[in-house]
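This report concerns only the one structure given below.
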Amino acid sequence: MNIIGTVESLWRYPVKSMRGQELDEMFAGFSGVYGDRLFAFRSSASPKGFPYLTGREQREMLQYRPRFRHPDKAAAPVNLTEAENLGSGVNPVYADPADLMVDVETPAGNTAAIDDPSLIEMLREGIDDKHHLTLLRSERAMTDCRPLSLLALQSVHQLAEETGTMVDKRRFRANIYLDLPSAKGFAEDSFVGRSLRIGSKVTLSILERDPRCMMITLDPDTGEKAPALLKKVAQSHSGMAGVYGAVLAEGMVRKGDSVELLD
């Protein structure tokens, strides 16, 4: 076995561009993390190929806190145990949409349902009037590219050294943060084209490096910009930080799980 590290933390983002949830365990499925980016807001001013309102346009989005109304049903597919006991690779059944509804705590401390029209009005405050917003709901994660994103803590530490500033890992909005104690920063780049096993079951194919945009310049708590970070990533790392992966074998991933390089 070629154990290279462990899972440092796990994250999902129920609403695209809003604050993430740190989890002790999560289900990694073929379509992505269970409960990840199920909701987003479409903007009439965004390109058709990427129609979402994000922190690029509304930095305050990062301060909105989404929470599942029924957290027990949002933890994992409803029949996961039964599906696994069949032992034949049966895909588990996801919860009904009503069981995966989200409420959002606003920066002011108020709470609104994700489909409350007042939430759209709040998101439109301070941005150009050309942004007409509608709520999107998906059965699978509305990720930018691939189903899962991974980043090593060592890469975050290297960027902090290179920029001479504190760098919060949450800026990168990864699903899985890896701790690779014997490696230098950006060691995950070498995983592209290879496979990882996380824990006893979940297997990922690492497909490509993760191209970064101005979202990483935004402080996850305040929305304040730090342009030097993106500039350093562009100049020293070809604009990339972290990697994207696809799930080959579904299952639960847990904080502290071992990470094994398979090939």
Task: Residue-averaged [θ]222 nm for the chain, counting only DSSP H segments that reach four residues, each worth -39500 (n - 2.57) - done: -4000 deg cm²/dmol
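Please list 53-65, 162-174 highest first by mean number of surrounding beta-carbon atoms within 10 Å per residue. Spell out each step's value before the answer.
Values: 53-65: 20.1, 162-174: 17.5.
Result, highest mean first: 53-65, 162-174.
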Open item on the list: Under a crude label model (7 Å from the Cα following the beta-carbon direction), how far is His132 from Asp179 in nanometres?
Closed with: 5.1
Open item on the list: Report the Cα centroid-to-centroid distance between segment 129-155 and segment 1-69 in angstrom, as an integer.
Closed with: 5
- [ ] Please work out which option in (i) 1.03; (ii) 0.93; (iii) 0.96 gives Rg/Rh (Cα atoms, Kirkwood Rh) calculated from these coordinates, and answer with its label.
- [x] (iii)
Open item on the list: Relative to 2.2 N^0.38 Å, what does the C-alpha radius of gyration of segment 42-174 come to as a ratio? Two decimals please.
Closed with: 1.31
- [ ] Can you tell me how much longer the chain between Asn110 and Arg194 gets when fully stretched, taken as 0.36 nm per residue apart minus their C-alpha distance, in nm with one decimal?
- [x] 25.7 nm
Open item on the list: Relative contact order for segment 1-148: what percent, with Cα pairs under 8 Å and sequence separation of 6 or more?
Closed with: 29
- [ ] State the answer as a single residue: which of Tyr177, Ser149, Ser190 lies farthest towards the positive end of the charge dipole of segment 111-212, with beta carbon charges of +1 for Lys and Arg and -1 for Asp and Glu, about the Cα centre.
- [x] Ser190
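Contour minus end-to-end for Asp96 and Ser118, with contour as 0.36 nm per residue of separation and end-to-end as the Cα-Cα distance?
Details: separation 22, 0.36 × 22 = 7.92 nm, distance 2.47 nm.
Full extension from Asp96 to Ser118 adds 5.4 nm.
Please go through the residue pairs Lys201/Lys225; Lys201/Lys231; Lys73/Lys231; Lys48/Lys232; Lys130/Lys225; Lys48/Lys201 and name each one whose alpha carbons sit more than 32 Å apart in this structure. Write down the numbers at each step before the final one.
Values: Lys201/Lys225 39 Å; Lys201/Lys231 38 Å; Lys73/Lys231 41 Å; Lys48/Lys232 30 Å; Lys130/Lys225 23 Å; Lys48/Lys201 37 Å.
Over 32 Å Cα-Cα: Lys201/Lys225; Lys201/Lys231; Lys73/Lys231; Lys48/Lys201.
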TODO: Take the Cα coordinates of segment 1-105, assign each an equal point scatterer, and use the Debye formula without solvent to give log10 I(q)/I(0) at q = 0.14, 0.22, 0.24 Å⁻¹.
DONE: -0.68, -1.20, -1.29
Task: Rounded percent of accessible protein surface that carbon and sulfur make up, segment 47-162, 1.4 Å probe - done: 47
Open item on the list: Accessible area per residue for the chain in Å², computed with a 1.4 Å probe and the full protein assembly in place, what is it?
Closed with: 46
TODO: Could you pull the accessible area for Cys145 with a 1.4 Å probe, rounded to 10 Å²?
DONE: 70
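The values are calculated or read from the model by the stated rules, or taken from the named source; none is laboratory data. Since the model is a prediction, treat every value here as computed from it, not as a measurement. Methodologically, a virtual Cβ is constructed for each residue, glycine included, from the backbone with ideal geometry; neighbour enumeration extends over all protein chains shown. Heavy atoms of the whole protein, side chains included, go into the accessibility calculation; ligands, DNA and RNA do not. Shrake-Rupley method; radii C 1.70, N 1.55, O 1.52, S 1.80 Å.
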